[in-house]
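A quick write-up on the structure given underneath.
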Amino acid sequence: MDIQLQEVEYRYAAGTPFERLAIEDVSFTIPEGVFLAVVGHTGSGKSTIIQHLNALLRPTKGQVVIGDRVISAGKKEKNLKSVRKKVGTVFQFPEHQLFEETVEKDICYGPINFGIPEEEAKKRARSLISQVGLSEEVLQKSPFDLSGGQMRRVAIAGVLAMEPEVLVLDEPTAGLDPRGRKEIMDMFYTLHQEHGLSTILVTHSMEDAALYADEMIVMHKGRVQKQGKPRDLFSQPDELAAFGLSVPEVVRFQHRFEALSGMKLDRTCLTIEELAEELARAKKRGEDR
Amino acid sequence: MKENIISINHVHFRYPGQTVYALKDVSLNVAKGEWLAIVGHNGSGKSTLAKMLNGLHYPEEGQVTICNFPLKDEFVWDIRRRLGMVFQNPDNQFVGTTVQDDVAFGLENNGIPHEVMVERVKASLQRVGMLDFLNQEPHHLSGGQKQRVAIAGVIALQPDIILLDEATSMLDPRGREEVLRTVRQLKEEQDLTVISITHDLEEASRADRIIVLNKGSVYREGTPEEIFQLNEELIKLGLDVPFPVKLSEILRLQDFEIASNYLSEEELVRELWTSNFKK
Amino acid sequence: MEKMIFGRYLPLQSPVHELDPRAKLLFIFGFVIVVFLANNILSYGILAVFTLLCIYLSRINIRFLLSGLKPVIWIIAFTFLLHIFLTKEGDLLFNIGFLKIYEGGVRQGAFISLRFLLLILVTSLLTLTTSPISITDGLESLLNPFKKLKLPVHELALMMSISLRFIPTLMDETDKIMKAQIARGADFSSGPIKERVKAVVPLLIPLFVSAFKRAEELAVAMEARGYRGGEGRTKYRLLHWQGKDSAALVLLLVLAALLWWARS
Ligand SMILES: Nc1ncnc2c1ncn2[C@@H]1O[C@H](COP(=O)(O)OP(=O)(O)OP(=O)(O)O)[C@@H](O)[C@H]1O
Ligand SMILES: Nc1ncnc2c1ncn2[C@@H]1O[C@H](COP(=O)(O)OP(=O)(O)OP(=O)(O)O)[C@@H](O)[C@H]1O
Ligand SMILES: [Mg+2]
Ligand SMILES: [Mg+2]
């Protein structure tokens with residue numbers, strides 16, 4: 001399922017003295033199966049954009065095409081459940097949405113709302129709980145007895161249980177310790193690869209954008225400023241700096257090395273392994289000469 | 001050897017009704033004017049220790065001395081005035097309805113006269129670069145700005161020690177940088193002692209000393225160079241190592257010559273270039 | 001919710017904004033009493049003109065003010081109808097079967113609705129032109145004499161200012177949790193009443209949990225910053241009573257005198 005934004009504008013509290021333009025003239029397409037990273041300085045409109053992807057917000061101008069549905073400014077749409085079933089969203093600090101007595105019930109809440117039979121929902125809960133790295137005993141516990149990191153995982157399982165075709169992630173690892181961060185991002189990446197889930201990741205971590213994304217969008221002051229492959233965008237650090245953004249550590253290191261040595265590596269490296277490989281190659285070239 | 005501003009001796013602590021110790025036989029000293037980083041996995045007891053330093057918990061066993069005051073009921077308000085804390089969640093420590101009210105809150109509590117208060121509020125906000133936001137309400141500020149206001153509230157009381165409990169962990173990179181730059185600057189301007197609890201390696205690697213907590217006990221203490229030498233050991237504890245250390249490790253496997261473990265990218269770049277390419 | 005004006009503050013520059021909050025509070029208090037002096041067309045007219053004058057002085061856009069009244073318009077309409085149907089005085093105007101409408105009823109209904117409307121307008125004006133914290137300071141200062149009667153004035157004022165501080169935060173939080181549950185298929189806006197009540201549970205429980213956690217963290221932060229009750233505390237915000245504040249109260253007395261003169 002493709003998602004398309006066409007000249008979307010959104011104003012909060014439109015028509016009051018508190019009106020605030022959050023995004024304007026935003027157009028891009030999210031083709032099926034892509035891993036898209038959305039980056040930008042705080043307040044640049046990232047969260048506002050992703051709330052359009054499952055019709056939580058209706059544009060104040062322009063339109064959003066989600067599969068075969070069109071959400072446009074001014075027209076009130078009925079029955080948006082079908083859209084929301086297909087687009088699952090993990091919000092920032094998703095553990096705040098937990099409310100049921102047991103973890104199992106909480107995970108089943110989404111699927112049951114979308115008309116999945118209870119038995120099937122429970123089956124999904126059982127298989128998901130291990131997928132997010134927790135043991136099955138957790139299912140019968142109260143979510144409020146878990147640690148912060150475990151609650152986060154339960155909340156994520158609750159979104160995955162809807163079996164969405166598109167997964168939207170708004171800074172899913174904020175506030176976790178380094179190990180938790182890596183485990184959760186790796187899990188999303190596996191899901192993306194194994195089930196071909198389109199994934200939209202809003203992040204402040206350029207490292208994550210470099211590691212996981214196929215495509216990247218740079219937001220600034222409510223507008224899309226740049227769009228392209230992470231490798232291409234990261235090879236122009238000055239342009240990103242203009243939007244208050246940095247490049248991943250690896251890339252920064254590479255640029256430092258190139259500046260000091262006057263050499264140029266063959267490509268912009270996105271992982272530490274790539275960098276080591278390229279450096280080894282450059283060294284070999286030097287010795288051969 | 002500089003004088004100790006904090007000393008903790010064989011401290012044990014359990015939360016009421018718990019059998020496991022949140023802090024187990026913890027002993028450590030903090031020297032006047034140093035920047036100490038405390039790292040450890042989620043639940044290792046960092047916040048518990050921080051709260052103890054502010055008299056929000058008392059040890060079950062052992063002694064704590066802060067700025068020459070033993071940690072006891074009668075001195076707790078003196079201690080709180082000398083050790084200022086900044087917590088993790090920017091929203092849940094903002095008491096005032098506007099920026100200036102929030103900075104004034106601590107001053108009001110300590111009965112500072114009005115004229116002095118007005119001056120100190122201005123001066124503190126000036127020093128954290130938030131003077132233009134005097135009348136802003138908290139929900140119009142970014143996370144980084146709120147944390148800088150919290151810092152202004154702390155320094156307005158002219159403390160000797162400032163303790164940051166993951167004060168940057170809910171911020172975006174720019175907000176984090178703003179806050180750290182502010183603290184560094186303040187530390188330079190006056191003889192502040194900084195204790196910073198953090199998961200951020202870059203922040204920890206710029207400290208004078210690091211203490212690693214694990215399951216309520218001090219696992220290791222040393223300079224950043226010594227601590228990050230532990231590499232695999234740290235990863236087993238659920239922590240991470242800074243990028244230059246990781247890269248050095250991989251480069252050595254590829255037969256590069258890297259003499260020691262550098263913590264700054266700059267040093268590593270230079271070492272990489274001089275020992276491997278420039279021959 | 002975004003259009004609600006009740007309890008919101010619009011930071012503008014105007015003579016009304018600049019008044020001491022105590023003056024404004026006393027003024028409102030007086031106004032509530034004075035309103036009841038009006039009892040005929042002339043006196044209600046004076047009252048309405050006076051209110052318009054206040055609105056004009058506050059520089060608040062009257063259209064905005066009126067659009068914000070939408071939520072209470074129903075209550076006003078209801079009061080109006082109630083009076084029309086229940087008051088049986090004066091000439092009979094209509095007689096539609098069992099329904100009899102008297103001239104007295106219409107007048108009574110119109111007056112009461114107008115009185116209600118004016119009261120709401122003037123109180124909204126207070127909150128629109130006075131920052132919540134000033135209102136709190138004003139209240140604390142006005143209530144100070146009651147401290148002797150063991151009324152916890154400082155604590156009440158602090159509680160009020162903290163609630164005010166957290167209202168926007170909790171509103172944001174409500175919005176976020178609501179969206180998160182809608183994304184999981186919750187439906188807050190349609191279906192039978194019983195279903196709708198049930199649908200609120202996934203909203204209320206997380207809100208409660210989060211408010212509790214915030215309160216706990218806030219209490220710790222306040223203690224760490226040296227808060228130990230009102231004893232020995234100094235105040236950062238001082239109130240200054242000026243000539244114009246007295247003038248505002250005099251104006252109210254003039255209004256009362258006018259109404260006294262105009263009433264029948
Ligand atoms: N509920 C709201 N009411 C009014 N304005 C809002 C609301 N939510 C966001 N805004 C404003 O819209 C703009 C974009 O906000 P948004 O939350 O989309 O940014 P973001 O890129 O997600 O930022 P962050 O990185 O801090 O999450 C900001 O200027 C913000 O102040
Ligand atoms: N109020 C409390 N009551 C009971 N146990 C608690 C309480 N607060 C913390 N604990 C427990 O004490 C231990 C140490 O917690 P602490 O909050 O100090 O960890 P931390 O190192 O700060 O972790 P994090 O990185 O998540 O902030 C944990 O096992 C925790 O579950
Ligand atoms: Mg956001
Ligand atoms: Mg902690």
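The values are calculated or read from the model by the stated rules, or taken from the named source; none is laboratory data. On a predicted model such as this, the values are computed, not experimentally measured, just so you know. As a convention, Cβ positions derive from the backbone with ideal geometry for all residues, glycine included, and neighbour counts pool all protein chains shown. For accessibility, only protein heavy atoms count, side chains too; no ligands or nucleic acids. Shrake-Rupley method; radii C 1.70, N 1.55, O 1.52, S 1.80 Å.
Exceeding 19 Å between C-alpha atoms, which entries from my cross-link table qualify? They are B:K72/C:K213; A:K264/A:K284; A:K61/C:K179. With Cα atoms farther than 19 Å apart: B:K72/C:K213; A:K61/C:K179. Rg over Rh for segment B:4-241 works out to 0.96, using Cα positions for both radii and the Kirkwood form for Rh. Once you reduce segment C:35-101 and segment B:20-67 to the center of their Cα atoms, the two points are 66 Å from each other.
Using the Cβ-Cβ distance between C:F64 and B:S260 with R0 = 45 Å, the FRET efficiency computed as 1/(1 + (r/R0)^6) comes to roughly 0.10. For chain B, the longest principal axis of the Cα atoms and the long axis of helix B:99-109 meet at an angle of about 70 degrees. Segment A:185-220 and segment A:99-126 have Cα centres separated by 27 Å. Straight-line reach from A:K141: taking Cα to Cα under 19 Å and skipping same-chain neighbours fewer than 8 places apart, the lysines in range are A:K105, A:K122, A:K123. Here each label is just a point 7 Å from Cα along the line to Cβ, and for C:T79 and C:T123 those points are 1.0 nm apart.
When the accessible areas of B alone and A alone are added and the area of the pair subtracted, with a 1.4 Å probe, the result is around 2800 Å², both sides summed. Taking amide H as placed 1.01 Å from N in the peptide plane, the amide H of B:V218 sits under 5 Å from that of B:S27, each at least 5 places away or on another chain. Within straight-line reach of A:K182, meaning a Cα separation under 17 Å, sit the following lysines at least 8 residues removed in sequence or on another chain: B:K236, B:K246. Taking all protein chains as shown and a probe of 1.4 angstrom, C:M171 keeps an accessible surface of around 90 Å².
Note on surface exposure: A:T268, A:T42 rank A:T42, A:T268 by accessible area, highest first, 1.4 Å probe. Computed across the protein assembly as shown, the Kirkwood hydrodynamic radius from all distinct Cα-Cα pairs reaches 30.7 Å. When all protein chains stay in place and ligands, DNA and RNA are ignored, the 1.4 Å accessible-area order of C:W74, C:W241, largest first, is C:W74, C:W241. Distance between the 7 Å Cα→Cβ label points at B:Q63 and A:E287: 6.1 nm.
Model label points for C:R8 and A:F243, set 7 angstrom from Cα along the Cα-to-Cβ axis, are 3.2 nm apart.
Our helix-only sum for the protein assembly as shown, with -39,500 (n - 2.57) per DSSP H run of n ≥ 4 divided by its residues, gives a mean residue ellipticity at 222 nm of -15000 deg cm²/dmol.
P(r) for segment A:248-289, please, calculated from all Cα pair distances in 10 Å bins and given in %. P(r) over segment A:248-289, rounded to whole percents: 31, 58, 11, 0.
Given a Förster distance of 60 angstrom, what is the FRET efficiency for B:E249 paired with C:K198, based on the Cβ-Cβ distance and rounded to 0.05? Here the calculated transfer efficiency is 0.60. Relative contact order, percent, of segment A:15-144 when contacts are C-alpha pairs under 8 Å separated by at least 6 residues? Relative contact order for segment A:15-144 comes out at 15 percent. Ordered by solvent-accessible area of protein heavy atoms (1.4 Å probe), largest first, the residues C:L117, B:L239 come out as C:L117, B:L239. Measuring only protein heavy atoms, the 1.4 Å probe finds B:K24 accessible over about 90 Å². Before anything else, pin down the relative contact order of chain A: Cα pairs under 8 Å, at least 6 apart, normalised by residue count, whole percent. In percent, rounded to a whole number, it is 21. Candidate membrane-span-like segments in chain C, meaning DSSP H helices with Cα atoms spread over at least 18 Å of their own axis and a Kyte-Doolittle mean of 1.0 or above, are C:21-34, C:41-58, C:70-86, C:103-129, C:243-262, with no membrane implied. At the residue level, B:D240 shows approximately 40 square angstrom of accessible surface with a 1.4 angstrom probe and all protein chains present. Please work out, to two decimal places, the log10 of the ratio I(q)/I(0) at q = 0.15, 0.16, 0.17, 0.18 Å⁻¹ from a Debye calculation in which every Cα of segment A:3-247 carries one identical scatterer. With one equal scatterer per Cα and no solvent, log10 I(q)/I(0) is -1.08, -1.20, -1.31, -1.41. Of all DSSP bridge pairs formed entirely within the protein assembly as shown, close to 55 percent run antiparallel. Across segment A:248-289, the relative contact order, built from alpha-carbon pairs under 8 Å that are at least six residues apart, equals 38 percent.
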